[in-house]
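Here the structure comes first, spelled out in structure tokens, and everything after it is commentary.
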Amino acid sequence: MDIHVERSQQGLIGIIKVPGDKSISHRAVMFGALAEGTTEVTGFLKGEDCLGTIRCMRQLGVEIVEENDKIIVNGKGISGLQEPAAILDVGNSGTTIRLLAGILASLPHAFVLVGDESIAKRPMARVTGPLKMMNAFIDGREFGQYTPLFIRGGNLRGIHYVSPVASAQVKSAILLAGLGAEGVTTVTEPAKSRDHTERMLRAFGVEVNEDDLTVSVAGGQVLKATKVDVPGDISSAAFPLVAGAIVPDSEITLENVGINPTRTGILDVLTAMGADIQITEEATASGEPTASIKVRTSELKGTTISGDLIPRLIDEIPAIAVLATQAHGTTIIKDAQELKVKETNRIDVMVTQLKLLGADIEATEDGMKIVGPVPLKGGVVQSFGDHRIGMSLALCGLIADDTVTIKDAEAINVSYPGFFEHLEQLKQG
Ligand code: S3P
């Protein structure tokens, strides 16, 4: 589906609530399925990826009921999961396949996991490698480096895994396998990745030990059902935040957004670039900090983004690239090789598509370099089926001198159903 985005004739004004956090929504359904008892989830993201997690958990025999604004998960404990009669299809979702691989690795059944064309290109060895070290039998294309994956789990033993990448999906997969393993399972990361698994496991009554970059769980712990209130996704909030910063005369308030410190790199970068950001209404929901975030248009300057900041904003880099086209000076993004193995190669795709719209942007080995401010022009650009690329390019349309047409824009439903309706609402003021 093509979507046409026109330049905004006036400032973007309004108050919106972005959809629920994708990472937390996946975990709420998975952990609810592993728990004993009934878990109630509010604020769940009804986007393609998380609906895929529900489908997979149902295939494992878990009863999940979707009510209007609630998801009810009737968990039967980890060992209550059943061997599915068909393959498990995760669609476009890296979080589903990697976390599920960890869960299934501890079960004495056979599972086949597949996904779409994008998933088929994404590295799975980062989870299958450590899960094999824990004694799971895993095979697949190129010996389990790529989908389809075959898993026959059971009889796991705890390991201490020192991960070469700061990845919450890797950390979570190993910890979830660890819950069904003998002894203690420990993961050490090179930099802190998002810690939703640790926080939510605690909310489900699991003891999780943390020491700086090292996290451990002891096997055999039972998850107890709870209520999960999912806050708005800061990765989705990033798009209206960038829009408010670059469209002249804007003032946008985003209510109830998750501001977990492992995710707030985008706020640090906006502030460093001179954006006018205000945080109010701070609260806590299900162990996760939340707040309202207000942005007003301001003069922006370039910055350098690197090191430990990268995992705290990895999903926001496509939106930050658009922001940087409107900032005075040079923005350098480095240490971000992980962008190459997301839903698309986000370095290549952002550079080629933003160039089509007139941006001054170059790819580097581990990121990109952007010089601004540059007036953007209209054109036809491709999301390549990547939701965050689609939304980033839509932001360009708000300030370009002519229509920006985004190909395959339906991918945006993966994480932000209602995105274009929100843009329209903000344009109307
Ligand atoms: C996620 C972790 C991140 C992130 C992805 C969601 C998660 O991936 O990019 O969108 O929910 O754990 P990595 O773990 O590969 O960094």
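Computed from the coordinates by the stated procedures, all read-outs in this text should not be read as laboratory data. Because the structure is predicted, anything quoted here is derived from the model rather than measured. Quick reminder, even Gly has a Cβ in these numbers, built from the backbone with ideal geometry, and neighbours come from all protein chains shown.
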Only Lys, Arg (+1) and Asp, Glu (-1) charged, at Cβ; the chain dipole about Cα centre in debye | 760 debye
Evaluated at 10 °C with a viscosity of 1.306 mPa s, what Stokes-Einstein diffusion coefficient in µm²/s does segment 76-119 have when Rh comes from the Kirkwood expression over alpha-carbon pairs?
-> 143 µm²/s
What is the gain in length, in nm to one decimal, between residue 188 and residue 85 on full extension, counting 0.36 nm per residue of separation less the C-alpha to C-alpha distance?
-> 33.5 nm
Around residue 359: net Lys/Arg minus Asp/Glu count, Cβ-Cβ under 12 Å | +1
About its Cα centre, segment 258-343 carries a charge dipole, from +1 on Lys and Arg Cβ atoms and -1 on Asp and Glu Cβ atoms, whose size in debye to the nearest 20 is 220 debye
Out of the DSSP beta bridges found with both residues in the chain, what percent are antiparallel (nearest 5)?
-> 70 percent
Taking 7 Å along the Cα-to-C-beta vector as the label spot, tell me the residue 155-residue 227 distance in nanometres, rounded to one decimal.
-> 4.4 nm
Would you mind classifying the chain by shape? Square roots of the alpha carbon gyration tensor eigenvalues, ordered a ≥ b ≥ c; an a/c under 1.5 is rounded, otherwise it is prolate if a/b is larger than b/c and oblate if not.
-> prolate
Phi to ³J(HN,Hα) by Karplus 6.51 cos²θ - 1.76 cosθ + 1.60 over segment 177-188, Hz, x for Gly, Pro = 5, x, 5, x, 9, 7, x, 9, 10, 10, 10, 10
Mind giving me the nanometre distance, one decimal, between the label points for residue 377 and residue 403, set 7 Å out from Cα along Cα→Cβ?
-> 1.8 nm
Sorted by chain and then number, the residues having a modelled amide H within less than 5 Å of the amide H of residue 194, at least 5 places away or on another chain, are 168
Enter the Cα centre distance for the pair segment 283-312 and segment 370-429, rounded to the nearest angstrom.
-> 21 Å
Extension gain, residue 70 back to residue 282 (0.36 nm per residue minus Cα-Cα distance, nm) = 74.0 nm
Positive dipole terminus of the chain, leading residue within 19, 166, 106 (C-beta point charges) | 106
Hey, how many Å between the Cα centroid of segment 35-54 and the Cα centroid of segment 236-269?
-> 25 Å
Taking only pairs that are 8 or more places apart or on different chains, how many Lys pairs in segment 22-229 have Cα atoms under 13 angstrom apart?
-> 5
Kindly provide the helix-only [θ] at 222 nm of the chain, computed as the sum of -39,500 (n - 2.57) over DSSP H runs of four or more divided by all residues, to the nearest 500 deg cm²/dmol?
-> -9500 deg cm²/dmol
Antiparallel content of DSSP bridges confined to segment 22-229, in %, to 5 | 70 percent
Dipole-positive endmost among 81, 409, 306 within the chain (Cβ charges, Cα centre) | 81
Computed FRET efficiency, Cβ-Cβ of residue 209 and residue 296, R0 35 Å: what is it to the nearest 0.05?
-> 0.25
Label segment 22-229 by shape, choosing from rounded, prolate and oblate, from the square roots a ≥ b ≥ c of the eigenvalues of the Cα gyration tensor; if a/c is under 1.5 it is rounded, and otherwise prolate applies when a/b is larger than b/c, oblate when it is not.
-> rounded
How high is the FRET efficiency between residue 132 and residue 360 when r is their beta carbon distance and R₀ equals 45 Å, given to the nearest 0.05?
-> 0.50
Helix 387-399: angle to the longest alpha-carbon principal axis of the chain, degrees 0 to 90, nearest 10?
-> 10 degrees
Listed by chain and number, the residues whose amide H is under 5 Å from that of residue 182, excluding neighbours fewer than 5 places away on the same chain and using placed H, are 156, 157, 158
Farthest toward the dipole's positive end in the chain, which of 127, 3, 253, given Cβ charges of +1 (Lys, Arg) and -1 (Asp, Glu) about the Cα centre?
-> 127
Amide H to amide H, which residues 5 or more places from residue 61 or on other chains are under 5 Å from it, using H placed in the peptide plane?
-> 82
Dipole magnitude (debye, nearest 20) for segment 1-158, charges at Cβ of Lys, Arg, Asp, Glu | 560 debye
